[in-house]
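One structure is given here, and the rest of the page talks about it.
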Amino acid sequence: MIDSIRILLDPGDCFSIPLEDGTFAFGQYLLSHPKVGTLIRVFDLRSSTRDVAVDDLKRSKLLFAPIFVGLNPPVRSGRWKKVGAFPIEDDFEFPRFRASLLLRDTENTDWKIWDGRSYTQLGRLTPEFKHLELKCVYAYGDVERRILTGRDWIADMR
């Protein structure tokens, strides 16, 4: 049960994400959702070292909208390392996500929009909502590949 799992970082903690090309990206732990897990954001900032000024992260835009990820495995192994922290903005709004049980946009008629509390039935996915992240929990390796390549293979499957 997610409620009983202790996350190894605290909300606001920032961490480095090593990439296959030898560079590092950076993320921040935003919150723990009781049913889905840890929500993170990834900054549009890369470096040749793990060292980064927290002020640089604060000024950085996001590479993509916040996503859920299994945060403990890469932190426990030392792959993703804490590099600092700063508070989550007071005006932070939980993002909306799109969700479906089927695999292809063209065939799905069960799309829903999830706001962290409830679902709104959509039916077919309209262009207005196609940009929303999928409601899923990414493996850390998939996050690393997405940062490096710019491709979200999970979304590409749908």
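Can you pick out the pairs among LYS82/LYS112; LYS58/LYS112; LYS35/LYS112; LYS81/LYS112; LYS81/LYS130 whose Cα atoms lie more than 27 Å from each other?
Violating the 27 Å Cα-Cα cut-off are LYS82/LYS112; LYS58/LYS112; LYS81/LYS112; LYS81/LYS130.
I'd like to know which of PRO73, ALA85, LEU134 lies farthest towards the positive end of the charge dipole of the range 1-147, counting +1 on Cβ of Lys and Arg and -1 on Cβ of Asp and Glu.
Checking the options against the dipole of the range 1-147, the answer is PRO73.
Rank-order 61-67, 120-126 by packing density, defined as the average count of other C-beta atoms within 10 Å over each peptide's residues, highest first.
The most tightly packed comes first, giving 61-67, 120-126.
Highest mean first, what order results for 137-148, 89-100, 11-22 on Cβ atoms within 10 Å?
Those peptides, ordered most packed to least, come out 137-148, 11-22, 89-100.
Report, by chain and number, residues whose modeled amide H sits under 5 Å from the one on LEU63, excluding near sequence neighbours (fewer than 5 apart, same chain).
VAL42, PHE43, ASP44
What would the Debye formula give as log10 I(q)/I(0) at q = 0.15 Å⁻¹ for the alpha-carbon point model of the chain, no solvent?
-0.83
Where does the charge balance sit around VAL69 when Lys and Arg score +1, Asp and Glu -1, over other residues with C-beta under 12 Å from its C-beta?
Neighbourhood net charge equals -1.
In percent, how large is the relative contact order of the range 15-120, given Cα pairs closer than 8 Å and 6 or more residues apart?
Computed value for the range 15-120: 22 percent relative contact order.
Given charges of +1 on the Cβ of Lys and Arg and -1 on the Cβ of Asp and Glu, with all other atoms neutral, how large is the dipole of the range 49-95 about its Cα centre, in debye to the nearest 20?
That gives the range 49-95 a dipole magnitude of about 440 debye.
Note down the magnitude of the dipole of the chain about its Cα centre, charges +1 on Lys and Arg C-beta and -1 on Asp and Glu C-beta and zero elsewhere, to the nearest 20 debye.
Charge dipole of the chain: 320 debye, to the nearest 20.
Bear in mind these aren't lab numbers, they're just calculated from the coordinates by the rules spelled out. Model, not experiment: these values are computed from the prediction. Glycine also receives a Cβ, built like all others from the backbone with ideal geometry; neighbour counts cover every protein chain displayed.
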